[in-house]
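Here, each number is a calculation from the coordinates, and none is a lab measurement. Small disclaimer: the values here were computed from a predicted structure and weren't measured. Using ideal geometry, Cβ is built from the backbone for each residue, glycine included, and neighbour counts are taken over all protein chains shown.
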Amino acid sequence: MTVFTRKQTEVARSPWRGPRVLRRAEFWITGAAILLIGYLVAAPLIYLIWQAFTTRAGLTISNFIRAFQAPGTGEMITNSVIFAVGQAIMATLIGTSLAYFCVRTNAPMKPLLYAASLVPLIIPGILFTISWIFLLSKDIGVINQLLESAGLGFLTLNIFSLPGMILVDGLHLSPIVFLLMFAAFRATDPSLEESALMSGASLPTVFRRVTLPLVRPALMGAMLVMLVRGLESFETPALLGIPARKWVFTSQIYQALNTYPVRYDLAGVYSLTLLAITALGLFYVQWANRQSERYQTVTGKGFRPRPLDLGKWRWPVSIVFVLYFLIVVVAPLLILIWVSLLPFYMAPSFEALDVVSLENYGRVFNLRNVTRSLKNSLLLAVSSATFLMLFMSVVSYIVLKTRMPGRRLLDLLSAFPLAYPGLVLGVAFIFIYLRSPIPIYGTLWILFLVYITRYMPYGMRYASTSMSQISNELEESAKMSGARWSDTFRRIILPLVTPGLLAGWVYVMIVSVRELSSSILLYRSGTEVFSVIIWQLWNDGFTTVLAAVGTMMVFGLVIMVAIAYKLGAKVGVQVE
Amino acid sequence: MLAVTSLTKTFEGGKQFGRVMAVDGIDFTVKEGDFFTLLGPSGCGKTTTLRCIAGLERPRSGEITISDRTVYSSSKNVFVQPNERNIGMVFQSYAIWPHMNVFENVAFPLKVGGRKIPKEQIKQRVMQVLEVVELGHLADRYATKLSGGQQQRLALARALVIEPNLLLLDEPLSNLDAKLRESLRFELKRLQREKGITTIYVTHDQAEALALSNVIGVMRTGHLLQIGTPREIYEEPHTQFVADFIGSTNFVQGTFQGQSSTPDTWVVETNHGPLHVCKTADLKVGDRCSVSIRPEHIQVLPDADDTRSANMWSGAIKTRLFVGEVMDYQIEVGEAEFRCRTPASLSIPTGRTVGLYLPPEHCAALVIDV
Ligand SMILES: Nc1ncnc2c1ncn2[C@@H]1O[C@H](COP(=O)(O)OP(=O)(O)O)[C@@H](O)[C@H]1O
Ligand SMILES: [Mg+2]
């Protein structure tokens with residue numbers, strides 16, 4: 001056997017100068033990454049502050065005084081608070097109770113809840129809101145008409161109102177609370193509840209005295225996240241609130257930029273105020289999470305929660321599941337598809353069936369701006385997803401696998417955009433690129449920049465999750481096999497992170513395609529994206545064409561979400 | 001073959017712990033073809049030592065020479081990269097690359113590092129190694145679909161395929177169940193002996209070390225306490241720690257009194273009377289020391305009444321335990337308790353007073369270091 005005799009031939013190669021060269025390259029790459037991310041993240045903040053605190057006369061707080069003394073500001077703030085708190089309470093109540101019954105009881109039909117939890121991803125806010133207008137608007141709303149004909153007219157709700165806004169946004173965000181609380185209930189030890197049951201407490205008492213206190217930190221966190229999301233929300237307040245003259249921060253900012261003369265000062269002040277509130281909220285959530293992690297005694301130690309037996313309540317509970325699924329998934333989608341088949345809006349009826357056709361779908365492709373926006377959206381989604389995932393794979397490598405100085409800063413910076421509401425980032429980008437010598441205002445480039453800024457945290461999370469799963473020993477054993485750094489990177493690291501990067505790529509595509517609140521401020525004629533077109537079609541009254549466009553968009557998103565889930569499950573990243 | 005001189009390695013242990021001295025001045029040499037085992041409790045610095053030899057850690061100071069080639073020297077400022085050292089290594093987790101199949105895992109070392117080996121030859125060499133570890137029939141299998149034992153052999157094949165000067169194994173059997181561990185232990189020994197490859201083996205399992213090695217180095221908190229053949233380590237431990245770590249033993253504390261009247265015998269004064277010992281560590285008269293005697297060397301005499309003769313004590317049987325071919329007795333002598341192991345044929349009821357004879361040739365006076 002020759003295999004194991006000791007030969008020196010292949011080892012005697014010229015000394016490898018790789019590491020030092022590489023270390024220098026790593027140094028420059030780290031520096032460049034910090035500069036780029038730092039610019040993307042900090043420039044909006046700096047310009048917002050600058051804009052809010054200066055006038056032509058110089059440094060001043062007069063902008064703030066003027067903005068907060070403007071007529072209606074007090075009411076606007078009150079509305080914002082009522083709306084944010086209202087929808088947060090609604091989403092939290094619905095999401096938490098569904099999560100509890102889903103994790104802890106033996107009620108059937110649970111898969112419906114898992115399916116419903118995808119709604120925020122597959123039905124963009126603007127389509128969800130429009131569907132609910134079809135369902136609940138004052139006169140033509142399908143549900144209102146049904147109630148009317150059943151003699152329950154007193155139950156009808158006009159959706160163009162604060163309660164309407166709260167209802168729609170609360171429903172739309174409830175799946176996010178469901179996912180957060182699902183995880184929280186799963187992570188608590190059911191034997192704590194069982195021992196309370198054994199000591200004679202009734203089920204409701206156990207829930208109130210044991211379960212709820214155990215998940216209180218998670219519940220507070222979810223509530224706070226919902227508050228922030230409510231303050232950031234743009235679609236619902238714009239579509240439902242503006243007609244009813246119920247202003248909130250976001251719709252007011254939008255309005256300030258769409259009046260003549262444009263009120264940059266108002267937009268700046270409101271944006272900075274909103275950013276301060278959301279950033280504080282998110283930092284508090286992060287801080288609280290870290291605290292609770294530190295004091296956590298029960299870890300997710302392989303206990304399989306034994307579901308509580310609901311007895312005769314099993315079926316009533318599962319009927320609630322079905323109702324929820326109908327309300328959140330089926331009804332909005334059905335009405336959207338129904339409207340897309342009509343020449344003009346009509347409530348569903350047997351007479352209306354006569355005029356049903358696929359004509360709108362044909363018309364969609366003859367509208368030049370629709371096809372152009374489709375192209376724009378795809379181009380932006382693909383390019384920002386590709387750039388982000390490649391860039392973030394390098395960044396996460398630096399953060400996780402090297403000892404470069406500045407890697408913590410990189411980690412922090414890349415998470416920061418979570419605090420920017422989309423509309424606020426749009427405002428900041430206007431401020432920056434109206435003045436900047438970089439001539440990208442009104443081009444697709446500015447949208448590209450805003451997308452990569454907003455979705456950087458998501459890209460980073462996917463990249464770093466898959467990077468952290470490569471144990472050091474996999475790299476080290478390659479080194480011991482004689483592999484140079486380039487061999488290791490190309491043949492070990494890259495193939496292993498690719499599935500995770502792909503999942504992140506699809507996810508960033510999804511959120512880019514749906515993006516509205518930044519794009520709505522930054523598009524110009526010719527650079528409209530898909531969601532902006534839906535917005536325009538709505539404002540121009542092309543309701544049925546809009547429904548066709550929306551139906552196709554939902555269909556496309558369903559496919560992308562399915563792919564993201566498949567890939568995400570493989571690498572253990574949860575799609576939110 | 002391998003020489004490690006005054007090797008030290010420190011880790012920055014974060015703010016609370018300051019600096020951790022993981023390896024604190026270690027010296028040893030390994031001869032060509034030896035199976036050398038670093039044995040010690042968890043956290044004593046075995047892995048760190050091994051990784052310094054591999055080049056995966058940069059030591060703080062010292063010198064490492066492999067086959068007359070200095071791969072690390074703090075004084076000469078030499079550090080050869082791990083991929084330049086031609087060392088095969090099996091990691092504790094096996095580190096099997098999950099995106100490659102069995103064949104590709106083993107072929108990897110032959111394809112990287114600028115090696116230009118013809119495809120045919122790669123195939124031939126990989127299959128040859130796979131046959132040796134009896135994985136030839138699984139060449140196409142994805143590595144993650146292998147059982148624990150198969151993964152372990154695959155990791156071994158991958159380490160061997162480059163024909164390394166030196167093979168490093170970090171607790172390669174610790175992730176396997178007891179039965180498999182036993183059979184792979186023999187497999188490993190057979191392979192190593194057939195190929196004559198110099199091997200450094202790390203384990204915290206003394207039975208494994210005794211069964212596999214030519215030479216054992218016992219480590220504790222970054223120091224090498226004793227180096228020797230398994231027999232030497234077992235029969236002539238230098239310190240109480242080594243005696244305790246290798247196999248079970250009884251200790252009697254006492255004061256060293258020096259040479260007795262009999263040649264090659266020393267006396268230790270204990271609570272139970274003077275004890276004659278034939279082995280002693282480097283002790284001075286008046287030193288506190290610990291006499292070690294293994295359970296199987298104590299003679300239990302059911303009918304002895306002459307307890308005044310040297311090394312003869314009396315005690316009461318406290319518990320007894322039948323463990324297959326032998327009996328385990330716990331016998332109380334004054335305050336102390338002795339474990340004795342006798343042939344199963346000797347059966348004495350509990351409570352009975354018996355004589356204990358501690359043969360001087362099996363008694364060793366050791367340095368107290370625990
Ligand atoms: N990367 C590291 N950073 C800090 N301390 C370490 C590191 N690796 C090992 N140590 C410390 O060095 C000591 C020796 O560890 P190790 O060599 O892994 O022990 P063994 O393999 O014998 O169990 C331990 O105290 C351990 O905590
Ligand atoms: Mg170890």
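What to note about this one:
- Full extension of the chain segment joining A:I61 with A:D411 gains 122.6 nm, where the gain is 0.36 nm per residue of separation less the Cα-Cα distance.
- Global form of region A:48-196, assessed from the alpha-carbon gyration tensor, a/c cut-off 1.5: oblate
- Each peptide among A:93-99, A:281-287, A:185-191 gets the average number of other Cβ atoms lying within 10 Å of its residues, and from highest to lowest they stand as A:93-99, A:185-191, A:281-287.
- Under the shape rule built on the C-alpha gyration tensor, where the axes satisfy a ≥ b ≥ c, region B:249-366 is prolate, since a/c reaches at least 1.5 and a/b is greater than b/c.
- P(r) tail for the protein assembly as shown: Cα pairs beyond 56 Å make up 35% of the total.
- Amide H within-cut-off set for B:T198, under 5 Å, with H built and near neighbours excluded: B:G33, B:L167
- In region A:39-116, trypsin sites (Lys or Arg not before Pro) in a DSSP loop with at most 13 other beta-carbon atoms within 10 Å: A:R56
- Karplus-derived 3J(HN,Hα) values for region A:232-249, using 6.51 cos²θ - 1.76 cosθ + 1.60 with θ = phi - 60°, are 7, 4, 10, 4, 5, x, 6, 6, 9, x, 4, x, 8, 6, 9, 7, 10, 3 Hz; glycine and proline are entered as x.
- Between amide H atoms placed 1.01 Å from N, distances below 5 Å from B:V71 occur with B:I64, B:T65, B:I66, all of them 5 or more places distant or on a separate chain.
- Binned Cα-Cα distances of region B:1-101, short to long, each 10 Å bin given as a whole percent: 14, 44, 31, 10, 1
- Hits among lysines - C-alpha to C-alpha of B:K189 under 29 Å, sequence gap 8 or more where chains match: A:K7, A:K479, B:K31, B:K46, B:K111, B:K123, B:K145, B:K179
- Protection-proxy order for peptides A:412-421, A:27-36, B:59-68, each taking the mean of Cβ atoms within 10 Å per residue, highest first: A:412-421, B:59-68, A:27-36
- Binning all Cα-Cα separations of region B:2-235 at 10 Å, short to long from zero, yields these whole-percent fractions: 8, 31, 35, 21, 5, 0.
- Shape descriptor for region A:389-471: Rg over Rh equals 1.06 (Cα atoms; Rh from the Kirkwood inverse mean 1/r).
- If you wrap region A:444-576 in the convex hull of its Cα atoms and look at it from every side, the mean projected area works out to 9.8 nm².
- Over all pairs of different C-alpha atoms in region A:23-107, the reciprocal of the mean inverse distance, the Kirkwood hydrodynamic radius, equals 18.3 Å.
- Residue-by-residue Karplus 3J(HN,Hα) for region B:154-163, coefficients 6.51, -1.76, 1.60, Hz, glycine and proline x: 5, 4, 5, 4, 5, 6, 7, 5, 8, 6
- Over all Cα atoms in region A:373-516, the spread is summed up by Rg and Dmax: 17.3, 55 Å.
- In chain A, the DSSP-assigned H stretches of four residues or longer account for a calculated mean residue ellipticity at 222 nm of -22500 deg cm²/dmol, using -39500 (n - 2.57) per stretch and the full residue count as denominator.
- Using just its DSSP H runs of length 4 or more, each adding -39500 (n - 2.57), chain B gives a mean residue ellipticity at 222 nm of -7000 deg cm²/dmol after division by all residues.
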